[in-house]
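Only one structure is covered here, and it is reproduced in the block below.
The values are calculated or read from the model by the stated rules, or taken from the named source; none is laboratory data. This one's a predicted model, so the numbers in the text were calculated from it and none came from an experiment. So basically every Cβ, Gly included, is an ideal-geometry build from the backbone, and we count neighbours across all protein chains shown.
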Amino acid sequence: MGIKVAVSCTVLFILLDVVISTVLYTHGSHLSIFTKDALNFNIFESVLDLWLTVLLRASFLLGASIGVSWNKVDGPQRAAKFTNFILLISLIIITYALTKLLMLTELHPLTQEPWILSLICWTCASSLGVMLLWGQLGKESNSVSSSSRRGGRRGSEDTEKLLETAGEEEQEAGCQRKKEEKTSSPATLGRLLAYCKKDGGLLSVAVLFLLISAVCEAFIPYYYGRAIDSIVVHQSMEYFTRPAITLVSLALASSLAMGVRGGVFTLTFARLNLRLRNHLFRTLMRQEIAFFDENHTGDIISRLSADTTQVSDLISVNINIFLRSIIKGVGFLIFMFGMSWKLTMVGIMGFPFIGLVSQLYGEYYKKLTKDVQTTLAEANKVAEETISSMRTVRSFANESGEADSYFAKLLLMFQLNKKQALAYSCYVWSSCISELALEVAVLYYGGHLVVTGQMSSSDLISFFIYMLEIGECLESIASVYTGLMQGVGAAEKVFEYLDRKPKHPADGAEAPETCTGLVEFKDITFAYPTRPETDILKGVSFTLRPGEVTALVGPSGSGKSSCVALVGQEPVLFARTVEENITYGLTDIPMEAVVQAATKANAHNFITTLPKGYDTSVGEKGTQLSGGQKQRVAIARALIRQPRVLILDEATSALDAESEHIVQQALNNIMQEHTVLVIAHRLSTVEKADNIIVIDKGCVAEQGSHSQLMASGGLYCKLVQRQVLGIETGDEVLNPPENGRWKSNGGHQRRKQSSSSSASESEINLRY
């Protein structure tokens, strides 16, 4: 609905409201009734005051329509700010109309005055219409505001760019608002309950016993009134025995049903927690690697643990209480209407106000809960990051700094907790005042009905007990609403991950009949999702052939590791046994194969010296092993798969010279049977490679064998000069070596002084 349509509907409603209210007030007689009632107004006989409410409604709606039509950009937003105020005014008008109904019935039955009863009903209905129309006027703001702002400020190119940027921001904000509308509280709650479809039988049992418990509790106040009346009025134990026995029977049945209901609900939502966590974790496992780069581990773990637990606990408890309170409340109202519809009307008048307070508080508390969850996730992020890197923290003596950072996040959460406490205090105060005022009104008017013979004393006693029970139901519903909003707030964050579709699904079904190991890069351009504006690879093309070793060489940050999208220089082990780490991702692997792979990786000897051998736990991220030991276990994990294509990102960087030699021999033995891509940093690997590809600034700078590249005197030759021989060059490049000796062509050279100058050539690192 556009603004013009909303305004048109509002104007038509105003005219209709005025006409119908006037016709019902004059009930077909002359307009002189206005003068008569104005001069001799009696609140117990005249309904002029009800007709005057139409002027109040019309003035509000007409003012909003003019404001929205005059200022289509800011008008709807300003109208939306007054939605709660209009809601309060409408509720006051409805309450006054119902009060007027009770006043008029004291003098004569309204069946003789159908026009007055119709006017009261129309006043209530039109007040509800005001709420709906006002809400519609406040919604129509986004699309028009964007175009209006663009139209009023066209000029220079800079201004147009600013407007384009503003338009994009508005579109993003609009998308966010639509997303929030999609994930509204009822929709989220319904989606949570959809997870319980498999437990339909259990839920049916729970609802059945819930109905039994609620029906029994609905009869208890009625028999309380009878029991008290038998003592006060009849003063006879004979009259008292029958309602007392009935009360005991109802209480026992209600207690039994309540216990069964609570247990079944708890079991059902424990199963919900199981499904929710399982689904969430499986969804996370399907996400692309970029997702884990963009989202911190602490945030993900918080969703998986804290939020899912909060969802299942709060939903299970609050759904149980909510359904019980609703069913009991409906049963109580039926009994109350049967006793006195007039007194029930007095009680109903206060319900909307209590509901409004609960709604406002619930929305505010929901927002605070989201903020608390976000702040808690940030605190968990600091804790997780610190604990997982405790060795680094300790090495820099920054324990106090990390503790201060964590405490600062906790202080932010504490500030939000104080707001929650203040909001809760105000809510309890307003709720208690509202309930007390309602109870006093019921007691006063009920006494009037008893004195005038319109109600018996026993019915008044039962009615007042029902009112107290209704108050408890409303209090439970209000607190449940808060708890549900808290659970829904956590659920929305969980569903953000559940609804996320991986940009690059990893569950492809296509596969070649045979894998020969031929790999081709054809004009590959690549950028990381966290930095989409920066191309790491720019039109890279090369071929990896079976049975050949291809080495990627280049300066740090040139894009070598990005060619395989890995950074495997630091092996990652899991907090499991050595055997489980070697066979990670595989099933039914015989122990002989594990030992064979470990032997090829030169890991078998040190593994057998561990306390439990292959059953020894390596600790979190392999902290119980040395760097060289971890790398050999990682190599064994690769070898046990007997891959057709083997990718090594400096797989021997953490090994000592002897271990490297043995592992290198093992790798050389299997390289003849595989396509091997080596991210090379050591000359020993580079020299033996069949093909060397030099990557520089994301492009292939050179390609060829070791001797060819050395002879060309390009970037590869410079890397050898600077790093292998420890030579710094000037503007001119040193000539390639002749007969094993370097010759200068006019530049200057000097050997670096280094503590590792005596290291063998095979141990020198080519990376800088």
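For region 9-35, residues that are of a type outside the set (A, V, I, L, M, F, W, C) and either surrounded by 14 or more Cβ atoms within 10 Å (Cβ to Cβ) or not assigned by TED's automatic domain parsing to the domain that holds residue 128 (or both) total 7.
Are any of the residues in region 248-265 surrounded by 19 or more Cβ atoms within 10 Å (Cβ to Cβ), over 25 Å from residue 383 (Cα atoms) and among the polar types (S, T, N, Q)? Yes, region 248-265 contains a residue that is surrounded by 19 or more Cβ atoms within 10 Å (Cβ to Cβ), over 25 Å from residue 383 (Cα atoms) and among the polar types (S, T, N, Q). Taking region 24-50 as the search range and keeping residues that are of a type in the set (S, T, N, Q) and not in a loop (DSSP other than H, G, I, E, B), which one is modelled with the highest pLDDT? Only one residue fits best here, namely 26. Evaluation of residue 659 against the conditions (1) at pLDDT 80 or above; (2) of a type outside the set (D, E, K, R); (3) crowded, with 19+ Cβ neighbours inside 10 Å; (4) part of a helix (DSSP H, G or I) shows that the sole unmet condition is (1). The condition of being on the phi < 0 side of the Ramachandran plot and modelled with pLDDT under 80 holds for only one of 668, 691, that being 668. Look at (1) closer than 30 Å to residue 102 by Cβ; (2) without any contact (Cβ under 8 Å) to a residue 12 or more places away in the chain and you find that residue 394 fails only one, number (1). Under 7 Å by Cβ, and 6 or more places apart or on different chains, what pairs join a residue from region 594-615 that is touching a residue at least 12 places away in the same chain (Cβ under 8 Å) with one that is assigned to a loop (DSSP other than H, G, I, E, B)? Close Cβ pairs satisfying both conditions: 594/583; 594/640; 597/640; 610/616. For residue 430, the requirement of being among the polar types (S, T, N, Q), within 26 Å of residue 359 (Cα to Cα) and in the same structural domain as residue 356 (by TED's automatic domain parsing) is met.
Within region 484-515, the set of residues being outside any helix (DSSP H, G or I) and of a type in the set (Asp, Glu) comprises 499, 507, 510, 513. Within region 463-474, residues that are in the same structural domain as residue 441 (by TED's automatic domain parsing) reach partners that are basic (Lys, Arg) and at pLDDT 80 or above with beta carbons closer than 6 Å, at six or more positions or on different chains, in the pairs 473/328.
The numbered conditions (1) modelled with pLDDT of 85 or more; (2) touching an Asp or Glu at 6+ places or on another chain (Cβ under 9 Å) are all true for residue 559 except (1). For region 562-600, the set of residues classified as in contact with a Lys or Arg (Cβ under 6 Å, 6 or more places away or on another chain) and modelled with pLDDT under 80 consists of 571 only.
What are the residues in region 516-533 that are under 39 Å from the mean Cα position of the chain (by Cα) and not in a loop (DSSP other than H, G, I, E, B), if any? Scanning region 516-533 gives 524, 525, 526. Residues that are exposed (fewer than 14 other Cβ atoms within 10 Å of the Cβ), modelled with pLDDT of 80 or more and hydroxyl-bearing (Ser, Thr, Tyr) do occur in region 51-60, at least one of them. Residue 35: out of contact with any Cys (no Cβ under 7 Å at 6 or more places or on another chain), of a type outside the set (A, V, I, L, M) and more than 26 Å from residue 350 (Cβ to Cβ), yes or no? Yes, satisfied.
For region 572-611, the set of residues classified as acidic (Asp, Glu) and in a helix (DSSP H, G or I) consists of 579, 580, 592, listed by residue number. All of 63, 75 fail the test of being out of contact with any Leu (no Cβ under 7 Å at 6 or more places or on another chain), crowded, with 19+ Cβ neighbours inside 10 Å and small (Gly, Ala, Ser), apart from 75.
The single condition among (1) modelled with pLDDT under 85; (2) surrounded by fewer than 18 Cβ atoms within 10 Å (Cβ to Cβ) that residue 334 does not satisfy is (1). So which of 380, 417 is in a helix (DSSP H, G or I), among the polar types (S, T, N, Q), closer than 25 Å to residue 310 by Cβ and touching a Ser or Thr at 6+ places or on another chain (Cβ under 7 Å)? Exactly one residue qualifies, and that residue is 380. Residue under question is residue 496, and the condition is that it be surrounded by 16 or more Cβ atoms within 10 Å (Cβ to Cβ) and of a type outside the set (S, T, N, Q); does it hold? Criteria not met by residue 496.
Of all residues in region 435-466, those that are part of a helix (DSSP H, G or I), under 14 Å from residue 342 (Cβ atoms) and in contact with a Gly (Cβ under 9 Å, 6 or more places away or on another chain) total 5.
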